[in-house]
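Single-structure report; data block below.
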Amino acid sequence: MTDKFNILDELKENGAVALLNANNRNYFSVPDNYFDDLAPNTLRHIFIKSLPVINPFAVPSLYFENLPDIILDKTQVRKNLSFSIEEKNLYVVPDGYFNSLAENILKKRKRCLLQVSIYKIKILHIAYRVFFLNTVNF
């Protein structure tokens, strides 16, 4: 019994307030039925750890360097190409393209606005007819 008081005095002297307030409570507990499932869970864990670790994201060497050729071969596009992509300049616009660009954009915009306004007129006409026919039937 005196050992208990000696330990408490020792804890007070060393400033271990958390241990003094801990009392004699058991802070270690396990969930219900823990030991019922312990053996199967342990075996399952051992099995999973025994599986070999394989990196599914590994690629062969020079894969990305040869990828365009692989794609062209698989799609059989290479056989149908009569020119090499490297030889053709892909960033060429026709002569005078920018001279008439603004006019072409405005023409397309006016055409779209005209189509939208015609569509709105048709919708309003249909709505008017539906409203008028519903009020006449009363």
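Within the range 97-120, is even one residue in a loop (DSSP other than H, G, I, E, B) and over 41 Å from the mean Cα position of the chain (by Cα)?
yes
Of all residues being in a helix (DSSP H, G or I) and small (Gly, Ala, Ser) in the range 27-70, which is surrounded by the most Cβ atoms within 10 Å (Cβ to Cβ)? Just the residue, please.
So the first thing to find is which residues in the range 27-70 are in a helix (DSSP H, G or I), and the list is 38-50, 63-70.
Narrowing further to those that are small (Gly, Ala, Ser): 39, 50.
Values: Ala39: 9, Ser50: 7.
Restricting to residues being in a helix (DSSP H, G or I) and small (Gly, Ala, Ser), the top hit is Ala39.
Rule-based calculations on the coordinates, nothing more; no lab input. Nothing here was measured: the structure is a model prediction, and the numbers come from that model. A quick note on method: Cβ atoms are made from the backbone with ideal geometry, for glycine too, and the neighbour counts reach across all protein chains shown.
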